[in-house]
């Protein structure tokens, strides 16, 4: 796994409204997002993030839940027609608890994460990954963005796109992820709100042969 904090002048070329990263072309572009908590804990997505989430460029949306309103689901469908959502502990809409998605020979599991005890436990999430028989497990609930390899799998948490508070995290940093799945690698771009601007961290995971 390699991690690279991108320089400020690179942020412009990293705009989701474009399909290219300099000379790099996206292969399978996925927005990984969750824990909106609108309107109960947050009013809206920050304009710096909203400007990035334009329709027509993202191929798929994978959401970890806690939209807490139908309006947010409709907004995700506006960004991209192919939207997969799992149910958060504050969602009333009838989303499934877990989903398994397939990209070529890569299997991805999607869950909110409140079912794991303690929350965010690597051992608990690893057990769920094995139960779902997936290569990558995406979860949320902690409102803290994470990306790591553990026990033979890849684990992603997009955090909270609005920075909604939790009992354990009163002032989380707003974050979401962009996943670019290539034939031999998985390129992850974690977007973080710093002040009124977004910054991007790139992490590269090799795909198993």
| query | When you look at residue 20, is it over 17 Å from residue 158 (Cα atoms) and modelled with pLDDT under 90, yes or no? | reply | yes
| message | Given the criterion surrounded by 13 or more Cβ atoms within 10 Å (Cβ to Cβ) and at pLDDT below 95, identify the matching residue among 120, 56, 104. | response | 120
| query | Only one of these conditions is not met by residue 188: (1) buried (at least 18 other Cβ atoms within 10 Å of the Cβ); (2) under 14 Å from residue 64 (Cα atoms); (3) at pLDDT 95 or above. Which number is it? | reply | (2)
| query | Taking region 85-95, which residues are in a loop (DSSP other than H, G, I, E, B), at pLDDT 95 or above and within 16 Å of residue 137 (Cα to Cα)? | reply | 86, 87
| message | Among the listed residues 72, 58, identify the single one that is out of contact with any strand residue (DSSP E or B) (no Cβ under 7 Å at 6 or more places or on another chain) and outside any strand (DSSP E or B). | response | 72
| In this structure, does residue 112 turn out to be out of contact with any strand residue (DSSP E or B) (no Cβ under 7 Å at 6 or more places or on another chain) and surrounded by 18 or more Cβ atoms within 10 Å (Cβ to Cβ)? | yes
| note | In the set 49, 26, the lone residue that is within 16 Å of the chain's Cα centre (by Cα), within 30 Å of residue 107 (Cα to Cα) and either at pLDDT below 90 or surrounded by 13 or more Cβ atoms within 10 Å (Cβ to Cβ) (or both) is 49
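The values are calculated or read from the model by the stated rules, or taken from the named source; none is laboratory data. Treat the numbers as computed from the prediction; the structure is a model and nothing was measured. Cβ: placed from backbone, ideal geometry, glycine included. Neighbour counts: every protein chain shown.
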